[in-house]
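Worksheet: one structure, shown below.
Derivation of every value follows stated rules applied to the coordinates shown; laboratory data play no part. Since we're looking at a predicted model, the values are computed, not measured. Note that we place each Cβ from the backbone using ideal geometry, even for glycine, and neighbour counts take in every protein chain shown.
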Amino acid sequence: MESLYLIIVVILFALAISDLVVGVGNDAVNFMNSAIGSKVTSRQWILIIASLGIFIGATFSSGMMEIARKGIFNPGGFTFEEVMILFVAVMLTDIILLDFFNTLGLPTSTTVSIVFELLGASVMLAILKLSANGEGLAALSTYINTSSALAIISGILLSVVVAFTVGALVQYVSRLVFTFDYQKRLKWVGSIWSGFAITAMTYFLLIKGVKGASFMTEEAVMWIQDRAVLIMLISFLGWTLIMFLIRTLTKVNILRGIVLLGTFSLAMAFAGNDLVNFIGVPIAGYESFLVWKETSIAADHMFMDALAEPVQTPTYLLIIAGAVMVFTLWTSKKTRHVTDTEVKLARQGEGSERFTPNLVSRALVRSAMSIGDAVQLALPSNWLKKSQAIFNGTGETGSAGGPQFDLVRASVNLTVASILIAFATSLGLPLSTTYVSFMVAMGASLADRAWGRDSAVYRVSGVISVITGWFATAVVAFTVAGLFALLIFYTGIFGIVGLLALAVFLIIRTYIYHRNKRKEIEAEEAKFAPRTAKLNKEAIILSTLEDLRNSLVDAKKTFENLIDGVSEEDRKLLNKSKKRSKKLYKAHDSFKAQLYATLNQIEAQDVDAARTYVHIFHLKQDMLQSLDLLAEQATQHVENAHNPLKPQQIAALQHLKEAVGQYMQDTIDKLPVKDEVVYQRALQEKRELLAEIEKAIVNQVQGIKEKHFNSRNSQLFFTLLLEIKDIVAITARFIKVYHRV
């Protein structure tokens, strides 16, 4: 029996390593986004600084480990066997859940997931015990630490409101003081702000956070805390003077130092607060095993009161965990995916938006605009003019390849978030670093007027999507952990092995999905990479030609599959082609999002180049719209089980498929068409194709009059012919555009 539980302990630690990997992939967004978004330095240096913060912060997290042992459930109410079931169920759920959110690129809370997983698994086991003992749910509090659980959950939810509000207020005041042209005020205002920021980080990370450090003696902690006021005063005056001298003597942008220090401190606060989410449960399982091993009591009879006793986590375990987190930070590709979500939602400039508007986001934006109009009426006109002048700027943001927001906002994000998280840690509350850092960033974005009328509905929709995911995390974590605990309770080691296999399978699937998705994203990024040089007509031709050829190849293949699918009533082929058509149109949205930026990069005197680019853009959009409508109508007809096309209709469509497909292929091969003879021949082919389509339309009309075709049949056939006609005409216009430039 001892060997069985030893295997379970080994499994717990193996799961802990996996959890660290997927957890850091999710939480790196919390402490790296401000540095990445402001482009304070290279990504490599940001990783180095964050790694140092994580490694040091890991040794400060010992005091938080008690959350996993007694923060959610009363260990004295459960036997050793039940506690081990609970811990395995929690870890399996956590890995699957976090990996799923990482794959989607949505930052979720590792704190919320672990809290609700512990709650779900312990409630399930408690219900099983109550049922076996013939007790009602009123006795649930015997097993669940309701007061502590409610305090933790309330703190997490309250942090959302507090973080957003504080982030917005601090950013608003900071922007009024600094303005977007902040370089002129760095000497005095910047020095004072820097002194305050560093002092605040020192106070909460050193004086408050030192209580959880595994290597600090009680006497050393007391010595530091007794001199807290003196240390803070010296820190503020000292750092303010140092920053003033640095700015005066070197002209260095001192806010860069604040952002880098903030990245370090927030990474340190993250490790100190969130390490419990990844290794707290396995360590609690290991400690439970050691306690049980020293006794001769059966596993299903020994109650785990010992877990309620305070225990200092060995420093070497914290160091190992910190090393795994740092390794993951450097190697995880999913980290970048999750990071992109927050950076794009917080950016100052325009660009493609990841999220689509919904009813809620539209209603919120309209309401906010109405409230804003009412507030403006109540404010003095002089103040409105002054604030409008301040907030109309963009500073160093907005240029191609430049930062998404400036160093003022980045320093506010990091300072406020690190203070809030470290303060919660000092109170022993496992505050969600994801919630705090995300909501601080969103509040600061709102206060900085990054969400203009052209972007607000998209950004608000994104925030709503992320917050909805947070609530989904809680519900799913609670439910799945409870179900896993139930399964393991009745199946034992067989259930554990089965769930392990399920976890491995799901992780492999999400890895493959993410790898393929990442390739698509990188291809899009490469296609629309920012250009430093101005564009002329020749550059426009070269930049659009390859993309257009690829689009025509995909459109040709999709068109041919659609005709075959509707002719053969092949639902699988039709649905596949419809998805491909939607994908092509979605890819064009990325092209559309870059239209404004690309036109700005075209040389001012080269009007022809700008006009060429716009024509190509709209022609491609028209072609994809025709293809999309063709796919929609053909798929609906077959899915609805309407009467199939007649043999003569199929023959006409197959002939057009071959002829139009060849015409599109010739266009792909010959673009750009410069030879006048080739150009005239292409136009003649177009006229012949359009004449054939007109002939097919006439034949259909005649067939209707002779009662050969019914209404549904005719609607579909006319739609197909007319969209094919548009595709031919648009393809010919591409030839014309490239011939004339």
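Peptides 438-450, 249-261, ordered by how many other C-beta atoms sit within 10 Å of their residues on average, highest first, read 438-450, 249-261.
Each Lys or Arg adds one and each Asp or Glu subtracts one; over the other residues with Cβ under 11 Å from the Cβ of Lys657, this totals -2.
The calculated FRET efficiency for the pair Leu722 and Lys576, based on their C-beta separation and a Förster distance of 22 Å, comes to about 0.40. Scoring 5-17, 473-485 by mean Cβ neighbours within 10 Å over their residues and listing the highest first yields 473-485, 5-17. Pairs spanning more than 23 Å between alpha-carbon atoms, out of Lys657/Lys695; Lys583/Lys646; Lys582/Lys646; Lys582/Lys736; Lys187/Lys385; Lys557/Lys582: Lys583/Lys646; Lys582/Lys646; Lys582/Lys736; Lys187/Lys385. Once you divide the Cα radius of gyration of the range 619-660 by 2.2 N^0.38 Å, the number left is 1.36.
Among the listed pairs Lys251/Lys344; Lys39/Lys251; Lys579/Lys725; Lys39/Lys184, those whose Cα-Cα separation exceeds 26 Å are Lys251/Lys344. Near Ile144, the amide H atoms lying under 5 Å from its own belong to Asn74; only residues 5 or more places off or on other chains count, and H is placed 1.01 Å from N. Under the simplified labelling scheme, the Asn358-Phe505 pair shows an inter-label distance of 3.0 nm, with each label point 7 Å from Cα along Cα→Cβ. Taking Cβ atoms as reference points and 12 Å as the exclusive limit, the residues near Ser191 contribute a net charge of +3, counting Lys and Arg as +1 and Asp and Glu as -1. Coupling constants for the range 480-491 follow from the phi torsions by the Karplus curve (6.51 cos²θ - 1.76 cosθ + 1.60, θ = phi - 60°), and in residue order they are 5, 4, x, 5, 5, 4, 5, 5, 5, 4, 8, 10 Hz; glycine and proline get x.
Spacing of the modelled spin labels on His708 and Tyr513, each 7 Å from Cα toward Cβ, amounts to 4.9 nm. With neighbour counts taken as other beta-carbon atoms within 10 Å, the residues Leu237, Leu377 rank, fewest first, as Leu377, Leu237. In this simple spin-label approximation, Val229 and Ile7 carry label points 7 Å from Cα along the Cα→Cβ vector, and these lie 6.2 nm apart.
Stretched out straight at 0.36 nm per residue, the stretch from Arg453 to Ser381 would grow longer than its current Cα-Cα span by 23.7 nm.
Residues Met124, Met369, Met302, Met325, arranged from fewest to most other Cβ atoms within 10 angstrom of their Cβ, appear as Met369, Met302, Met124, Met325. A Förster radius of 30 Å, combined with the Cβ-Cβ distance separating Glu294 from Tyr316, puts the computed FRET efficiency at roughly 0.90. Going from the residue with the fewest nearby Cβ atoms within 10 Å to the one with the most, Ile156, Ile508, Ile730, Ile48 rank Ile508, Ile48, Ile730, Ile156. About its Cα centre, the dipole of the range 531-740 is roughly 360 debye, where the only charges are +1 on Lys and Arg Cβ and -1 on Asp and Glu Cβ.
Remark: the Glu658-Asp675 segment gains 3.6 nm on full extension, using 0.36 nm per residue and subtracting the alpha carbon distance.
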